[in-house]
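In what follows, a single structure is set out as structure tokens and then discussed.
The values are calculated or read from the model by the stated rules, or taken from the named source; none is laboratory data. Small disclaimer: the values here were computed from a predicted structure and weren't measured. Glycine also receives a Cβ, built like all others from the backbone with ideal geometry; neighbour counts cover every protein chain displayed.
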Amino acid sequence: MDQAEQLRIIKANKQNRPLARVITVTSGKGGVGKSNMSINLAIHFRKMGKRVIILDADFGLANIEIMFGAVPKHNLCDLIYQGKNIKEIITWGPMDVGFISGGSGIAGMSNLSKDYLDYIIQNLSELDSIADVIIVDTGAGIADAVLEFLVASGEILLVTTPEPTSITDSYSLLKVLYRHPRFKEDMTKVKMVANRVEKEAEGEVLFEKLNAVVTRYLKVPMTYLGSVPQDAQVAKAVMQQMPVSLQNPGCKASLAYEKIAMRLMEKEEVEKQPKRGMAAFFSHIIQRL
């Protein structure tokens, strides 16, 4: 079967396909628990009966696969350059959470023909039939690759800690994002999670401070999803390459992840968040490469 025939089949199968909800998790700096957030939210979404796939878009850093204790045979580069189909590059972790290793091939996609880019986009759209929720775990900071993912996303989870550098870097990230020429505030919702707080009130104060500055200077308010407490069980789970929500579901952090996941899946939250699917997500990225 040649590429053209595969593309025709994918397009035919796309008719009336439901779109996945794409949630992009990011942070202003590294080391704030972003990948732990992605993995543990995925576990709780699975406990709710949702089909979940994580795209590890932190290119060059294999955080998701290390935390899952699973070594992928293929990554996104194999779809882009080696002709693998989307199902071949998915690795299945605990509780059948799928994940796709990003590799480092996105930047080179600017050299591909339009027909081949269309083929890649249509192949990625197959994820909408495999998953109800797709979590994109980006790199940290304001690198171009990170911003392209954020601009393409309709739903962004910003992970921030009480450290002054994390707060400053979170604001810097939002400032660059909101001033990006293709950022559309009516199409993108930014939701903050406070991580590694000593108590719940600390997270609320952290959000209020950051949101006040963002609202005043950037004119686009955020939503607060909640906080995750400092918990030694998280580090222990990482060392044992197991999500803490599975290893110790009763610990403080696991219960907090569950609460945030439930908040994201509340009826009114789902209804006000339009689903765009992976084809629209990646089309937005590729058109600017």
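Ile142: among the aliphatic types (A, V, I, L, M), in contact with a helix residue (DSSP H, G or I) (Cβ under 8 Å, 6 or more places away or on another chain) and over 24 Å from Ala42 (Cβ atoms), yes or no? Here the answer is yes, as Ile142 does meet what is asked. Inclusion of Thr188 among residues that are among the polar types (S, T, N, Q) and surrounded by fewer than 16 Cβ atoms within 10 Å (Cβ to Cβ) is not warranted. For beta carbons closer than 6 Å, sequence separation of 6+ or different chains, a first residue in the range 224-239 that is under 17 Å from Glu198 (Cβ atoms) and a second that is basic (Lys, Arg) and assigned to a helix (DSSP H, G or I), the qualifying pairs are Gly226/Lys259; Pro229/Lys252; Asp231/Lys252.
Please work out which residue is farthest from the chain's Cα centre (by Cα), limiting yourself to the range 212-243 and to residues that are of a type in the set (A, V, I, L, M) and part of a loop (DSSP other than H, G, I, E, B).
Step one: list which residues in the range 212-243 are of a type in the set (A, V, I, L, M), which gives 212-214, 218, 220, 222, 225, 228, 232, 234-235, 237-239, 242.
So of that shortlist, the ones also part of a loop (DSSP other than H, G, I, E, B) come out as 220, 222, 242.
Details: Val220: 21, Met222: 17, Met242: 19 Å.
This residue is Val220.
Counting just the residues of the range 217-229 that are out of contact with any Lys or Arg (no Cβ under 7 Å at 6 or more places or on another chain), of a type in the set (Ser, Thr, Tyr) and under 24 Å from Val176 (Cα atoms), which one comes out surrounded by the most Cβ atoms within 10 Å (Cβ to Cβ)? Applying the filter and picking the extreme gives Tyr224.
Being without any contact (Cβ under 8 Å) to a residue 12 or more places away in the chain and more than 20 Å from Ile54 (Cβ to Cβ) is the filter here; which residues of the range 136-162 pass it? Can you show your working first?
In the first step, residues of the range 136-162 are kept if they are without any contact (Cβ under 8 Å) to a residue 12 or more places away in the chain; the result is 143-144.
Answer for the range 136-162, where residues must be without any contact (Cβ under 8 Å) to a residue 12 or more places away in the chain and more than 20 Å from Ile54 (Cβ to Cβ): just Asp144.
One residue stands out in the range 96-115 among those that are of a type in the set (S, T, N, Q) and within 19 Å of the chain's Cα centre (by Cα): the one that is modelled with the lowest pLDDT, namely Ser104. For Leu177, the criteria (1) in a helix (DSSP H, G or I); (2) under 20 Å from the mean Cα position of the chain (by Cα); (3) at pLDDT 95 or above hold in every case but one, which is (3). A single entry from Val214, Val176 fulfils the requirement of being of a type in the set (A, V, I, L, M), touching a residue at least 24 places away in the same chain (Cβ under 8 Å) and crowded, with 18+ Cβ neighbours inside 10 Å: Val214. Taking the listed residues Glu204, Glu198, Glu208, the one that is touching a residue at least 24 places away in the same chain (Cβ under 8 Å), among the charged types (D, E, K, R) and surrounded by fewer than 18 Cβ atoms within 10 Å (Cβ to Cβ) is Glu198, with no other qualifying. Highlighted here are the helices (runs of 4 or more DSSP H) found entirely within the range 18-97 that include at least 2 residues which are among the polar types (S, T, N, Q): 34-47.
Of everything in the range 230-253 that is in contact with a helix residue (DSSP H, G or I) (Cβ under 8 Å, 6 or more places away or on another chain), more than 12 Å from Asn40 (Cβ to Cβ) and modelled with pLDDT of 95 or more, the residue that is surrounded by the fewest Cβ atoms within 10 Å (Cβ to Cβ) is Lys236. Only one entry of Asp128, Asp169, Asp118 meets the criterion of being closer than 17 Å to Ile53 by Cα and either more than 21 Å from the chain's Cα centre (by Cα) or not in a strand (DSSP E or B) (or both), and that entry is Asp128. The requirement of being closer than 23 Å to Lys259 by Cα and over 19 Å from the mean Cα position of the chain (by Cα) is fulfilled somewhere in the range 153-162, by at least one residue.
Residue count for the range 55-92 satisfying the condition of being crowded, with 22+ Cβ neighbours inside 10 Å and among the small types (Gly, Ala, Ser): 1.
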